[in-house]
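Down below is the structure, laid out as structure tokens.
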Amino acid sequence: MPKITFIGGGSAKFVAELVKDIFSYEKLRDSHICLMDLNEERLDRAKRVVTKIITDLKISATVTTTTDQRAAVAKSDYVVCTIMVGGFKHYKSDAEIPMKYGVLPTVGDTIGPGAVFRLVRTAPVLWELARNLREVAPEAWVLNYANPMAMNTWTLVDSGHEKTVGLCHSIQGSYRQIAGWLNIPHEEVRYTAAGINHINFYLTLEHKGRSLYPDLLAAQDAILAKHPNEKVRFELLRYFGHWVAEGPEHQSEYSPYFRKNQASADRYSSETMWGYNFDSKLNVWLLNSIEDMISGKKPICYDRGSEYGSGIIDSLANGTSGMFYGNVRNDDLIENLPKGAIVEVPCYIDGNGVFPCRMGRIPTKLAALMTPHILVHEMALEGVKRRSRRMIREAIQADPLTASICTLPQIEAMVDELFLENADWVKDWPQEPAIRSVVSA
């Protein structure tokens, strides 16, 4: 009976989706699900929907809840991390403060000033998790779904918990989208991808041995007529030769090309603060949807979804083999990206563990897009470890979008304001002298 623990277990809709997928595997139907969250109301809702799933399926699984992280992970076999430290309050301020300085994030949870400060808030929780795992569940596998994906995964691995893999949705989702546009059954599409989270390109994308890129370019006008925000990814395809898996809203903030000002952002149909606006509205809908599922007013769909997590747990627990795309440490997996960084590559999995695939060199033009972000990840993590306000500023001033818009004094002022907004998380960080610029900000 494996113990599967959710840290951030109050995320009821995500928990429900992954748990019902876990129970779709016959040998996992006796699992113990432990939900941990600091918000007891959210925790109770999540427990009620998991209980509903167990009752519907008439299985022997069990579910418990706790607000104690150490107790939650004790003797766990698998730990799923879905936390958002600071909640929607800071999700909003992470975007609004940069906007005052001309930086127009669409989401801001995995890159840019907002993502760096999300790491400032999240890293201490992850350090506590790594410490607890080391002491009470050293063999547990951690499946990290929490953003900023690459930085959070790097934090856990850097803390010594090697059995960590970061999981995202984009690669297994985007090729299906392309197949739909081209009227091809998605199960007939073959692809390879490599890169870093949210800047991961399909190196090959084929149907019956033939590249789909000519067909995709030929269908561009028809696709853009229905999906004008896809201008971002089609432009990247034309100039870089490959399709990037992450969606257009997020993708536009990862490069310095698309969001130089409001007019530029509007041209690419990329809404500023799209992530916060979408997720805050979605959260209300999800709460109502979960209550409808619990009451029986809305049926739960028990078809297995496309998230990797349940299949990974089944493979590790029961020895079945499979493949997935995971965020793992770059131990010579991608030769022309920095060693030790977190990269996203295909991984083979079975009962012996997770085995990332060596992808060799990727096209230099793609590595050139990714490398600046990796350096931001590295500087941000080092800044948090050292509690250095200066290093956090240096990470943000290296962000490609921020650097394309702001002067250095403007970045300093923005970072100072973000530190004030996040004062509760940096109380023990030493103050550092302000930089005196020879040019007015």
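The values are calculated or read from the model by the stated rules, or taken from the named source; none is laboratory data. All values reported here derive from a predicted model rather than from experimental measurement. So basically every Cβ, Gly included, is an ideal-geometry build from the backbone, and we count neighbours across all protein chains shown. Remember, those area values only see protein heavy atoms, side chains included, never the ligands or the DNA or RNA. Shrake-Rupley method; radii C 1.70, N 1.55, O 1.52, S 1.80 Å.
For the stretch 182-239, the relative contact order works out to 23 percent when only alpha carbon pairs closer than 8 Å and six or more residues apart are counted.
Across the chain, the relative contact order, built from alpha-carbon pairs under 8 Å that are at least six residues apart, equals 17 percent.
Rolling a 1.4 angstrom probe over the protein heavy atoms with all chains in place gives the chain an accessible area of 42 Å² per residue.
Considering only A341, A137, A368, the mean-square fluctuation computed in a Gaussian network model of the chain, springs between alpha carbons under 10 angstrom, is largest for A368. For the stretch 156-161, 3J(HN,Hα) computed residue by residue from phi via the Karplus equation (6.51, -1.76, 1.60; θ = phi - 60°) reads 5, 5, 4, 7, x, 8 Hz, glycine and proline entered as x. For the peptides 401-412, 194-205, the ranking by mean Cβ contacts within 10 Å, running from highest to lowest, is 194-205, 401-412. Karplus-derived 3J(HN,Hα) values for the stretch 51-56, using 6.51 cos²θ - 1.76 cosθ + 1.60 with θ = phi - 60°, are 4, 4, 5, 4, 5, 4 Hz; glycine and proline are entered as x. Taking amide H as placed 1.01 Å from N in the peptide plane, L212 has its amide H under 5 Å from the amide H of L205, E206, H207, each at least 5 places away in sequence or on another chain. Here the gap between K339 and A403, fully extended at 0.36 nm per residue and compared with their Cα-Cα distance, gives a gain of 20.6 nm.
For the Cα trace of the stretch 71-164, dividing Rg by the Kirkwood Rh returns an Rg/Rh value of 1.05. Spin-label model, R361 to Y302: label points 7 Å out along the Cα-to-beta-carbon direction sit 5.3 nm apart. Can you classify the stretch 210-325 as rounded, prolate or oblate using the Cα gyration tensor, where a ≥ b ≥ c are the square roots of its eigenvalues, rounded means a/c under 1.5, and otherwise it's prolate if a/b beats b/c and oblate if not? Oblate, because a/c is 1.5 or more while a/b does not exceed b/c.
Between the stretch 218-278 and the stretch 161-180, what is the separation of their alpha carbon centroids in Å? Spelled out, the Cα-based centre of one part sits 19 Å from the other.
Over all Cα atoms in the stretch 6-106, the spread is summed up by Rg and Dmax: 16.6, 55 Å. Across the stretch 64-71, coupling constants 3J(HN,Hα) worked out from phi with the 6.51/-1.76/1.60 Karplus curve, θ = phi - 60°, read 9, 10, 7, 9, 9, 4, 4, 5 Hz, and Gly and Pro carry x. Within a Cβ distance under 12 Å of L286, other residues only, what is the Lys/Arg minus Asp/Glu net charge? Summing Lys and Arg as +1 and Asp and Glu as -1 gives +1. Of the beta bridges in the chain, as assigned by DSSP with both residues counted there, near 55 percent are antiparallel. Each principal axis of the stretch 153-261 carries a Cα extent, and these read 48, 41, 21 Å when sorted largest first. Near the amide H of V142, within less than 5 Å, lie the amide hydrogens of V79, T164, V165, all on another chain or at least 5 residues away, with H placed in the peptide plane. Roughly speaking, what is the stretch gain from R387 to Y257, that is 0.36 nm per residue apart minus the C-alpha to C-alpha distance, in nm to one decimal? Length gained, R387 through Y257: 43.6 nm. Carbon and sulfur atoms: what percent of the 1.4 Å accessible area of the chain do they account for? Carbon and sulfur together cover 52 percent of it.
Largest mean-square fluctuation among L286, L366, L129, in a Gaussian network model of the chain whose springs join Cα atoms under 10 Å apart, belongs to L286. Counted residue by residue at 0.36 nm each, then reduced by the alpha carbon distance between them, the extension gain from E187 to K226 reaches 11.7 nm.
List the pairs from K47/K298; K20/K47; K226/K365 whose alpha-carbon separation is above 20 Å, in the order I gave them. Listed pairs above 20 Å: K226/K365. Centroid-to-centroid, using Cα positions, the stretch 83-101 and the stretch 50-74 are 32 Å apart. Between the amide H of I334 and those of M359, distances stay under 5 Å, these residues lying 5 or more places away or on another chain, with hydrogens modeled in the peptide plane.
For the stretch 323-388, the relative contact order works out to 29 percent when only alpha carbon pairs closer than 8 Å and six or more residues apart are counted. Taking a ≥ b ≥ c as the square roots of the eigenvalues of the Cα gyration tensor of the stretch 101-213, is the shape rounded (a/c under 1.5), prolate (a/b larger than b/c) or oblate? Oblate shape, in that a/c is at least 1.5 and b/c is the bigger or equal ratio.
Kirkwood-type hydrodynamic radius, the chain: 22.6 Å, calculated from all non-identical alpha-carbon pairs.
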